[in-house]
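*Asks:* Sharing a structure below in structure tokens format, with a few things to ask.
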Amino acid sequence: MHDGTVTINFTIGFGNNLFQYTMGRLLAEKHNLSLRHRAIPEVGIEQKDSLVNSGLPVYIVNDGNYKEALYTRDLRGHNIVVSGYFEDYKILKGNLPRIRQWFDKVPVENTDDLILHLRLQNRLVQVNHNKNHITAESFKNAISMFEYDRLHIVSDAEKWDQYTLQDIEKIRHEISIGPNASAEWVKPEQSLEYMNHLIDGLSTLDPVVHCNGDDMIKGSGGLRGGFIKDFNLLRSFNQVIVFNSTFSWWAATLSGAQNVAIFNPWKIAKPVKDRRNLGKTSFPGWRSWGSPNDLYFKKYKLN
């Protein structure tokens, strides 16, 4: 019988949820507490409905105190509320084999090719993401670090072909009715410029492109597919390039891919105090690449 419960407050974002679940479970195991959270069925995590003893003291774990809760405080006999993002590779590093066992397994089957994940849709049209875009040449520099047969690109983009202003307006409309509707917008011409720059630059490498969870395609995308198909595709590769996305970071982390390159200045447009250490992830086989000089929109360049 556990005397106390860890309740996980999930936010939006699949990668965020995996960090939150992992933090909650690590805390529950360390302090001998029960778990309470909704399911993450895409990776085999079932819902937990443990009862909460309202007579116990409550400790809220957030991005400011999680290290204390995980390493130094004794929180047995407490109810813990997990409420943060916890983008810190170090909390996983010593527990990787055990953590990987918590989630459904996807076998690594492609050891010859290289896969690059590009999250584009909302990041094309929202100012806070647009500031972090890097050049196609920077991606090519990362790609040149690998020996591979074929380059694969997996993306939430609807197609891999020249975009028009109408395409950008469609993306803006879709985002405007979603959970991030209040975000500040980029000028459509700026979004269009970057998307076509990326397609022109990377298409010279003759990539195999997977858009929106579709089957393997080359050229423009087809019907929209499920994001978990993209996630599991990433997990099936032994060579992976990660750029500013907890989605692909988790795919490579859970798969145990042996050759991973990650963009070092993680979300460089954020203030220094708000930047996470994911770009410096030093799991076995991981290495960093890139610098602030790779930013596409130089007016956003930061020290």
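*Asks:* Compute the Rg/Rh shape ratio of the chain: radius of gyration over Kirkwood radius, all on alpha-carbon atoms. Intermediate results must be reported in sequence, preceding the final value.
*Replies:* Numbers: Rg = 20.1 Å, Rh = 20.4 Å.
Ratio value, two decimals: 0.98.
*Asks:* Under the 0.36 nm per residue contour assumption, what length would be gained going from the current alpha-carbon distance of Leu51 and Asn128 to full extension? Each step should come with its number before you reach the end.
*Replies:* Numbers: separation 77, 0.36 × 77 = 27.72 nm, distance 3.94 nm.
Extra length available between Leu51 and Asn128 comes to 23.8 nm.
*Asks:* Ranked highest first by average number of other Cβ atoms within 10 Å, how do 159-166, 234-241 line up?
*Replies:* Result, highest mean Cβ count within 10 Å first: 234-241, 159-166.
*Asks:* What does the net charge come to around Gly44 if you take all other residues with beta carbon closer than 10 Å to its beta carbon, with K and R at +1 and D and E at -1?
*Replies:* Working: positive: Lys105; negative: Glu42, Glu46, Asp104.
Residues near Gly44 contribute -2 overall.
*Asks:* Please work out how much length the chain gains when fully extended from Asp74 to Arg98, using 0.36 nm per residue of separation minus the C-alpha to C-alpha distance, in nm with one decimal. Walk me through the numbers before you get to the answer.
*Replies:* Values: separation 24, 0.36 × 24 = 8.64 nm, distance 2.21 nm.
Extra length from Asp74 to Arg98 when fully extended: 6.4 nm.
*Asks:* To two decimal places, what compactness ratio does segment 2-107 give when its Cα radius of gyration is scaled by 2.2 N^0.38 Å? Walk me through the numbers on the way to the answer.
*Replies:* Numbers: Rg = 13.1 Å, N = 106, 2.2 N^0.38 = 12.9 Å.
So segment 2-107 has a normalised radius of gyration of 1.01.
*Asks:* Would you mind giving the average projected area, over all directions, of the Cα convex hull of segment 236-303 in nm² with one decimal? Numbers along the way, then the final one.
*Replies:* On the way: hull surface 18.5 nm².
So the Cα hull casts an average projection of 4.6 nm².
*Asks:* Using R₀ = 30 Å, calculate the FRET efficiency as 1/(1 + (r/R₀)^6) where r is the Cβ-Cβ separation of Asp200 and Lys273; round to 0.05. Don't skip to the end; give the middle numbers.
*Replies:* Working: r = 36 Å, r/R0 = 1.21.
Rounded to the nearest 0.05, the efficiency is 0.25.
*Asks:* Please determine, in degrees from 0 to 90 and to the nearest 10, the orientation of helix 165-176 with respect to the longest principal axis defined by the Cα atoms of the chain, where the helix direction is its Cα long axis.
*Replies:* In the chain, helix 165-176 runs at an angle near 10 degrees to the longest axis.
*Asks:* Using the charge dipole of segment 5-100 (Lys, Arg: +1 at Cβ; Asp, Glu: -1 at Cβ; taken about the Cα centre), state which of Ile60, Gly84, Gly94 has its Cα farthest towards the positive end.
*Replies:* The residue sitting farthest along the positive end of the dipole is Gly94.
*Asks:* Report the paramagnetic label zone for Ser291: residues of segment 133-164 whose backbone N is under 14 Å from a point 7 Å from Cα along the Cα-to-Cβ axis.
*Replies:* Hits in segment 133-164 for Ser291 at 14 Å: 138.
*Asks:* If neighbour count is taken as other Cβ atoms inside 10 Å, put Leu118, Leu205 in order from fewest to most.
*Replies:* Working: Leu118 20, Leu205 15.
Arranged by neighbour count, lowest to highest, Leu118, Leu205 become Leu205, Leu118.
None of the figures in this text is laboratory data; all of them are computed from the coordinates on show. This one's a predicted model, so the numbers in the text were calculated from it and none came from an experiment. Reconstructed Cβ throughout: ideal geometry from the backbone, glycine too, with neighbour counts over all protein chains shown.
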